Amino acid sequence: AHEAWLVISASTLPGFAANGEALSGAARAAVAAPSHPEIAWLEAAMAAERAGNKERALFLFDKAVTTNGANLAARYHNARLLSQGTNIAAASLQISAVLNTAPRWVPALLLSGDIERTKGDSERALTRYREAAEMTPPAPMSMVAKWRLSELTRQQ
């Protein structure tokens, strides 16, 4: 049941898709699942973000990561929110941890490129965008990577 909930949480991540039947089955299994601390933190964090409470969402995503550092959904969302604020170094650490586990995940590559760009490292950003754009077979978000590549290349 824990794995079923992870399917549901992964389906909320950009670039992760699942068919409706699988999600329906996963949802039924998640309802029957015992409560896992990391899942509770992640659910609360997503609810806080939807409610517009970014500070609380960051706190809760951090709790989810602390509870289970292997939870890519928590790390990705934590990095995404951190990158929207002033803690770019922490965002960089989180997205690096995601890419260590899922090096070909296009949304993480894009976020990593965006973070590198914010840090002022255009070359590393270009590298990440290229990796995302050159995925074979192309991922749905590869077009975003191509657009960011052309945008960054024009600025140089």
Flagged in region 137-154 as among the small types (G, A, S) and assigned to a helix (DSSP H, G or I), in numbering order, are S142, A145, S150
Can you confirm whether T101 is among the hydroxyl-bearing types (S, T, Y), in contact (Cβ under 8 Å) with a residue 24 or more places away in the chain, under 17 Å from Y76 (Cα atoms) and surrounded by fewer than 18 Cβ atoms within 10 Å (Cβ to Cβ)?
yes
What pairs can you find where one residue is in region 74-85 and more than 11 Å from I115 (Cα to Cα) and among the small types (G, A, S), the other is assigned to a helix (DSSP H, G or I) and open to solvent by less than 10 Å² (accessible area, probe 1.4 Å), and their Cβ atoms are less than 7 Å apart, with a gap of 6+ or different chains?
A74/L42; A74/F61; A74/A64
Could you list, in sequence order, all residues of region 104-136 that are open to solvent by 70 Å² or more (accessible area, probe 1.4 Å) and not in a helix (DSSP H, G or I)?
R104, E134, T136
Looking only at residues that are under 11 Å from L152 (Cα atoms) and aliphatic (A, V, I, L, M) in region 112-136, which one is farthest from the chain's Cα centre (by Cα)?
L126
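What do you reckon, is I95 part of a helix (DSSP H, G or I), free of Cβ contacts under 8 Å to residues at least 24 places away in the same chain, closer than 20 Å to K54 by Cα and open to solvent by less than 30 Å² (accessible area, probe 1.4 Å)? Break it down into steps so the answer makes sense when it comes.
Details: part of a helix (DSSP H, G or I): yes; free of Cβ contacts under 8 Å to residues at least 24 places away in the same chain: yes; closer than 20 Å to K54 by Cα: yes; open to solvent by less than 30 Å² (accessible area, probe 1.4 Å): yes.
Here the answer is yes, as I95 does meet what is asked.
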Residue selected from region 137-148 under the condition touching a Gly at 6+ places or on another chain (Cβ under 7 Å) and over 27 Å from T86 (Cα atoms), by the criterion least open to solvent (accessible area, probe 1.4 Å)
A139
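The values are calculated or read from the model by the stated rules, or taken from the named source; none is laboratory data. The shown structure was predicted, so the numbers you read here are calculated from the model rather than taken from an experiment. Positions of Cβ are backbone-derived with ideal geometry, glycine not excepted, and every protein chain shown enters the neighbour counts. SASA here: full protein model, heavy atoms, side chains in, ligands and nucleic acids out. Shrake-Rupley method; radii C 1.70, N 1.55, O 1.52, S 1.80 Å.
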